[in-house]
Structure formats: structure tokens, C-alpha cells
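The values are calculated or read from the model by the stated rules, or taken from the named source; none is laboratory data. Since this is a predicted model, take the numbers as computed values, not measurements. So basically every Cβ, Gly included, is an ideal-geometry build from the backbone, and we count neighbours across all protein chains shown. The area values use the complete protein model at the heavy-atom level, side chains included, leaving out ligands, DNA and RNA. Shrake-Rupley method; radii C 1.70, N 1.55, O 1.52, S 1.80 Å.
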Amino acid sequence: MVQLYGKSLSRAELAALSGNVSHAAGVRLMQLDDGLERGIRMLEFRSGTGLRFTVLVDRAMDIADCDYRGQAIGWHSPAGFRHPALHEYEGEGGLGFMRSFSGLMITCGLDHILFMNDTETSSYVYGPRQKASHSLHGRVGTIPARLTGYGERWEGDRLILWAEGVVTQAAVFGEHLELHRRIEIDAGTNDIRLRDRVVNAGFYRTPHMLCYHINVGHPVLEEGARYLAPIRDVVNVAHADSYERQGVGYRTLPGPQMNFHEQVWQHEMAADDKGKVPVALVNDRLGLGFMVTTRKDQFPCQYEWQNLQAGQYALGIEPSTHHVLGNNAARERGEMIWLEHGDERRYDTVFSILPDAQAIAAAEAEIRAIAIQPESDYPAASGNFRPIEGRGA
């Protein structure tokens, strides 16, 4: 049954109320047509609860807008949703990413995440290319997808809104990785399901790294908003020499700041008995929150990104396959994921709107039952980067 407008409706009952289910919920394809966004294909999802989100087909099928009953969830940066044709991957010394950095979610990878560096490329067996020069967070986030399908599908009296596509990151004498992405939500609900499959479609042994840069903005983020997570250990604080001086800890967020230097934390998260890790940002004043649930075996690492600069105000929830130490450290520690031809990795993530105080309380109780996070806003970092097991040298 579909829960809409305070009613539990069968497929026939919903059909009787309107000539088309799109009056309440659906997916439609459109194209942006002005400024930096011009030419980007976009899918708009409406679940019928007041949740609306958009998927940028030409930006790796990442989620851009997200709002609930007129209240924004996702972050919009001044860079906007730049068309990938305007993106310069290697621009500004590898920081060109910043000129295409906007939206609820940006995919980072598929063979590199985190800061710029050079890595050896002997596995590609091509003498003239002795190294790969990686820019910030990799290439995939600005590659257009091949849209393989979208729409509404009934399973009995359950209505599923869905979209699928394939993003190919490839080069001659280089990697050939495919991101197979499916996004879906049941009509009448507030849980967005993201199912990713990264496949080595090539025949070279290829490194793989993945991170989701999930960015929550105002009004969920405002003074007094709380970061909730089952933190077992605070592993690392980038810019630890300044975070107390800036007066911003990991747990309770202030309003927009002037001259703020970004802060990045890595937390070691505990998982529940099903291997799931829920992390949330909640606003008690509004009775509104946003939660991301990942699997510990898929994303063993989690970062918290704080960009609290006025005019760029955002909080990032970042599940990752690797420690914040970066690409070369992953290789040196034997933690790089190496994919042979046909090998794949799967990632199953849920984005949930917490629509009221009751939902926030339930999420907080769920998280506290897994692990009680540090009470101090300024916990000391342990520096204990636990080995990530089960990966080849």
C-alpha cells in the first residue's frame, strides 16, 4: 500500500483519484538551460511526502537538489551545477574540483579520492606514462552517465520510483572502470536508496577508491545543529592546530563564520548487528534532520567535513573506502582495493529525511544503542588508523 495524504492506498484506489499517479509522485527527465548549468540532463523525483530531489544525469548521476516540504536539505555552493564540458580536471594545480563542487552528493573516485598526488602506473604496461597525476577527489564526479532507464514501477500495491545509469571512467593504456548506479525510493516514504556497483571492465589490474561527499546545508545546518554518529574513536583531525582556536568542535555546529578554515575529522564508527552505520545531522529547533546509513564492510572509514565559512556554509558526511591518509598511504599499507578484469565492489546506502522531533529521537536512540559518541566537542585524536582487512598488497 502507498501511504499518501494520511491514507493507505492500493494501486486501484490511487488510480481512481487521478488520471495519472504523477499528480502525487513520479520521476521526470528535464534539461537545465541557462548559465553554467546549460545542457545538463536532470531527473526530478517527488515521493509524495513533500520530498523532492534531483539527479544530475550528466554529473555522474549525483543527487543535486534535495528539499522536504519547502525546506532545503542539500547544499548549494556558489560554484553551481557546472556543465561537465566546462570542467577542467587538472586545473588550478588539481583544485579545479572546487569549481564544480555543489549539491547534496558528489561521488569521489573511482581510482582516487582525497588530495592531489602522483601514483605509479606500472600495471598499465605503458612506458611513456610512468605515473598518474590525480587531482582532488578523482575524475568520476563530472563524467556524464549513460541513462539506461527511469520511471515508476508497481510491485503489487507498492510504487517504486527509480533511475539507473552507467558512468564510464576510462583511458587507453589506463583504467576502465564502470559505475553502475541505481537510485530508488518508494512513493509515500522519505528513504532514498542508492545502490552502486563499481566494475573493472578493462583487463589491467586497477586501483579502486570511493567516497561520497554528502553535503547538508541550511536550514538543517544552523547554530545549534547536532552531528550524531556511533563514534568509537576520533582518529584524526586535519588542522588540529586551529580547531580549538576557531571555536568549532565536531559535535555542535555554530552559525556561519568569517575567515573560517575548513576542518576535517575522521571518526572510527561502530556498526549495529547488521553491519550498518547511521550518521545524522539534526536541527532540534526545526524538528528536521538528515541521516545517512552505510555498511561498515563497504565503507570502513567516515569523515566529517566542516565548511562553515559565510556564503559557503555546509556540513559534509563522507563515507569512504579508505583512510584520510590518501592514495599512496593506502598502497603502502596494503589497503588499496585492486580490481582484476570483471571484479566488482558493491555499495548500498540510504539517505533518510527525519521529518519531526519523534523521528530525530528515534534516530538518536538508534545511534546511541550502537555507540555513545564523545561528549566533548573537542576530543583528542588518537591517530589510530586501524588496518583495513581483506585487501591485497
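Side notes on the structure shown:
- Where the alpha-carbon atoms of the chain are placed on the principal axes, they occupy 66, 48, 44 Å, in descending order.
- Each residue, R153 and R386, gets one label point 7 Å from its Cα in the Cβ direction; the gap between the two is 3.6 nm.
- Computed over the alpha carbons of the range 299-393, Rg followed by Dmax gives 17.3, 48 Å.
- Fraction of accessible area attributable to carbon and sulfur, the chain (%, probe 1.4 Å): 49
- When the range 274-393 is described by a simple charge dipole with +1 on each Lys and Arg Cβ and -1 on each Asp and Glu Cβ, the residue from N327, A371, Q358 located farthest towards its positive end is N327.
- In the context of the full set of protein chains, residues of the range 285-393 present 42 Å² of accessible surface per residue (probe radius 1.4 Å, heavy atoms only).
- Most mobile of A170, A64, A225 in a GNM of the chain (Cα contacts under 10 Å): A170
- Here the Karplus relation 6.51 cos²θ - 1.76 cosθ + 1.60, evaluated at θ = phi - 60°, turns the backbone of the range 376-381 into coupling constants of 6, 6, 10, x, 6, 7 Hz, with x for every Gly and Pro.
- Cα centroid of the range 299-344 to Cα centroid of the range 209-238, whole Å: 13
- Nitroxide proxy distance, nm - points 7 Å out along Cα→Cβ at E92 and Y126: 2.8
- GNM result for the chain, Cα springs below 10 Å: residue of E88, E13, E364 fluctuating most strongly: E13
- 27 Å Cα-Cα reach of K276 towards lysines, excluding residues that sit fewer than 8 places from it in its own chain: K296
- Isolated Cys residues of the chain, judged by Cβ distance under 4.7 Å to other cysteines: C66, C301
- Among V125, V55, V292: highest mean-square fluctuation, GNM of the chain, C-alpha pairs under 10 Å: V125
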